[in-house]
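Some notes on the structure that comes next.
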Amino acid sequence: MTARRLEDVSDRNLALELVRVTEAAAIAASRWIGRGKKNEADGAAVEAMRKAFDTVAIDGTVVIGEGEMDEAPMLYIGEKVGQGGPAMDIAVDPLEGTSITAKGGPNAIATVALAEHGNFLHAPDIYMDKIAVGGGLPDDVVALDAPVAENLKNLARAKAVDIAELMVCMLDRDRHAEAIAKIREAGARIMLIGDGDVAGVIAASQPGAGIDMYLGSGGAPEGVLAAAALRCIGGQMQGRLLFEDQAQIDRARTMGITDPSRIYTITEMAKGDVMFAATGVTGGPMLRGVHRSGHSAVTHSIVMRSKSGTVRYVEAHHNFTKKMWAPE
């Protein structure tokens, strides 16, 4: 077997190891679905993901995580994971959709992305303004700083449809009221989601999801994770970090960010060879949720590799030695 083929086999094996990491987080979080305790759900996913990483043959560093070191038990920025191996950067969201999980709503996922060291945007856990569309479109068909009406006009022209046929996905937040009004004034439709903007961005690249564009502000970690996914399946994305005060700007400068107002392209957020994996916690358009029954569970995951452009869906059946679904 040639060195190239050995490398491909290693990549495939690592991609499946990432799925095992997200499966562990999803199963742990599923114990808390509908129980109204989002912090407990998040904590369970974090600890399960951390333990699962102990079996992965990488020297990983979390560069996009849920917080800083003093905010443990979150997978914090700078934390080391893995049992040793090649140096890799990790972007994680052990439970994207904590409130969704607590309420028993749709589209909560456990997700992780992997790249060679230095290939993910290294940013603090703050907000990011985002715009994203699917693949197969002209370069720069939309722009973060362009007027909403102009972006919709250009996107409709590129897709050869009327603006009225376009669907824009956004988080249902008061801060988006002005953008919502402009989208509707332009004649497009809006799908408002309560949480889960990684899945929202990915949906813009999935023909069957009925989403043409993602727009609005959400977490920067979710922005990098979404960029990693789009690198694998095709799409365009731009993002800009949103700083609330000088302390956040100073923190970002220690991470190498010198221009607080810079707009990042998708390849600046996630460059090189990228892997992405996610497992459904609660069901949604992209993934089915964890199905639990006595001593077993069924999970539904997606794993992508930018090197091959391959997207695989993985249904896994898990059997346990004892019933494990009631929260401790």
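Scan segment 283-311 and report the pairs whose first residue is not assigned by TED's automatic domain parsing to the domain that holds Ala209 and among the acidic types (Asp, Glu) and whose second residue is surrounded by fewer than 16 Cβ atoms within 10 Å (Cβ to Cβ) and not in a strand (DSSP E or B), with Cβ atoms within less than 6 Å and a gap of 6+ or a chain change.
Sorted first by the residue in segment 283-311, then by its partner, the list stays empty.
Of everything in segment 35-61 that's of a type in the set (Asp, Glu) and surrounded by fewer than 20 Cβ atoms within 10 Å (Cβ to Cβ), which residue is nearest to Ser99 (Cα to Cα)?
Looking only at segment 35-61, we keep the residues that are of a type in the set (Asp, Glu), and these are 40, 42, 47, 54, 59.
From what is left, the residues that are surrounded by fewer than 20 Cβ atoms within 10 Å (Cβ to Cβ) are 40, 47, 54, 59.
Values: Glu40: 11, Glu47: 18, Asp54: 28, Asp59: 32 Å.
Within segment 35-61, the match that is nearest to Ser99 (Cα to Cα) is Glu40.
Rundown of residues vs (1) at pLDDT below 95; (2) under 18 Å from Trp32 (Cα atoms), yes/no style:
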position: Tyr264; (1), (2): no, no
position: Pro285; (1), (2): yes, no
position: Val311; (1), (2): yes, no
position: Ala326; (1), (2): yes, yes
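Identify the residue in segment 101-111 that is over 15 Å from the mean Cα position of the chain (by Cα) and not polar (S, T, N, Q) and, among all such residues, is nearest to Ala278 (Cα to Cα). Quick ask: steps written out before the conclusion?
From segment 101-111, those over 15 Å from the mean Cα position of the chain (by Cα) are 101-106; that's our starting set.
The next check asks that each one be not polar (S, T, N, Q); those that pass are 102-106.
Values: Ala102: 19, Lys103: 20, Gly104: 18, Gly105: 17, Pro106: 15 Å.
Only one residue fits best here, namely Pro106.
Tell me, which residue of segment 224-270 that is touching a residue at least 24 places away in the same chain (Cβ under 8 Å) and of a type in the set (Val, Ile, Thr) is nearest to Val62 (Cα to Cα)? Give the derivation first.
At the first step, the residues of segment 224-270 found to be touching a residue at least 24 places away in the same chain (Cβ under 8 Å) are 224-244, 248, 251-252, 255-257, 263-270.
With of a type in the set (Val, Ile, Thr) added as a condition, the list becomes 224, 233, 257, 263, 265-267.
On the way: Val224: 12, Ile233: 23, Ile257: 17, Ile263: 23, Thr265: 21, Ile266: 19, Thr267: 19 Å.
If we take residues in segment 224-270 being touching a residue at least 24 places away in the same chain (Cβ under 8 Å) and of a type in the set (Val, Ile, Thr), then Val224 is nearest to Val62 (Cα to Cα).
Look through Gly289, Gly223 and report the one residue that is of a type outside the set (Val, Ile, Thr), touching a helix residue (DSSP H, G or I) at 6+ places or on another chain (Cβ under 8 Å) and part of a loop (DSSP other than H, G, I, E, B).
Numbers: Gly223 fails: part of a loop (DSSP other than H, G, I, E, B).
Answer to the selection: Gly289.
Looking at (1) surrounded by fewer than 18 Cβ atoms within 10 Å (Cβ to Cβ); (2) within 23 Å of Leu16 (Cβ to Cβ); (3) of a type in the set (Gly, Ala, Ser), which one does Ala247 not meet, given that it meets all the others?
For Ala247, the exception is condition (2).
Matching residues to (1) in contact with a His (Cβ under 6 Å, 6 or more places away or on another chain); (2) of a type in the set (D, E, K, R); (3) surrounded by fewer than 24 Cβ atoms within 10 Å (Cβ to Cβ):
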site	(1), (2), (3)
Thr265	no, no, yes
Asp273	no, yes, yes
Thr279	no, no, no
Met286	no, no, yes
His291	no, no, yes
Gly294	no, no, yes
Thr299	no, no, no
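Would a scan of segment 271-282 turn up a residue that is farther than 19 Å from Met49 by Cβ and either within 16 Å of the chain's Cα centre (by Cα) or assigned to a helix (DSSP H, G or I) (or both)?
Keep residues of segment 271-282 that are farther than 19 Å from Met49 by Cβ, which gives 271-273.
Then drop every residue that is not either within 16 Å of the chain's Cα centre (by Cα) or assigned to a helix (DSSP H, G or I) (or both), which leaves 271.
Scanning segment 271-282, I find at least one residue that is farther than 19 Å from Met49 by Cβ and either within 16 Å of the chain's Cα centre (by Cα) or assigned to a helix (DSSP H, G or I) (or both), so the answer is yes.
Scanning segment 120-138 for residues that are assigned to a loop (DSSP other than H, G, I, E, B) and at pLDDT below 95, which turns out surrounded by the fewest Cβ atoms within 10 Å (Cβ to Cβ)?
Going through segment 120-138, the residues assigned to a loop (DSSP other than H, G, I, E, B) turn out to be 121-126, 135-138.
From what's left, at pLDDT below 95: 121-126, 135-136.
Values: Leu121: 23, His122: 17, Ala123: 24, Pro124: 22, Asp125: 18, Ile126: 17, Gly135: 13, Gly136: 11.
For segment 120-138, the residue satisfying everything is Gly136.
Could you list, in sequence order, all residues of segment 19-39 that are at pLDDT 95 or above and in a helix (DSSP H, G or I)?
Val19, Arg20, Val21, Thr22, Glu23, Ala24, Ala25, Ala26, Ile27, Ala28, Ala29, Ser30
Identify the residue in segment 183-203 that is part of a loop (DSSP other than H, G, I, E, B) and touching a residue at least 60 places away in the same chain (Cβ under 8 Å) and, among all such residues, is farthest from the chain's Cα centre (by Cα). Steps first, please.
Step one: list which residues in segment 183-203 are part of a loop (DSSP other than H, G, I, E, B), which gives 187-188, 194-196.
With the extra rule that they be touching a residue at least 60 places away in the same chain (Cβ under 8 Å), the set shrinks to 194-196.
Numbers: Gly194: 15, Asp195: 12, Gly196: 8 Å.
So the residue we want is Gly194.
Is it the case that some residue within segment 223-234 is touching a Pro at 6+ places or on another chain (Cβ under 6 Å), surrounded by fewer than 22 Cβ atoms within 10 Å (Cβ to Cβ) and not acidic (Asp, Glu)? Quick ask: steps written out before the conclusion?
Restricting attention to segment 223-234, the residues satisfying the condition of being touching a Pro at 6+ places or on another chain (Cβ under 6 Å) are none.
No, every residue in segment 223-234 fails to be touching a Pro at 6+ places or on another chain (Cβ under 6 Å), surrounded by fewer than 22 Cβ atoms within 10 Å (Cβ to Cβ) and not acidic (Asp, Glu).
So, in segment 204-220, exactly how many residues are polar (S, T, N, Q) and assigned to a loop (DSSP other than H, G, I, E, B)?
Step one: of segment 204-220, the residues polar (S, T, N, Q) are 205-206, 217.
Filter once more, so that each one left must be assigned to a loop (DSSP other than H, G, I, E, B): 205-206.
Residues flagged as polar (S, T, N, Q) and assigned to a loop (DSSP other than H, G, I, E, B) within segment 204-220 amount to 2.
The values are calculated or read from the model by the stated rules, or taken from the named source; none is laboratory data. Just so you know, these numbers come straight off a predicted model, no measurement behind them. Heads up, the Cβs are rebuilt from the backbone with ideal geometry, glycines too, and the neighbour counts pull from every protein chain shown.
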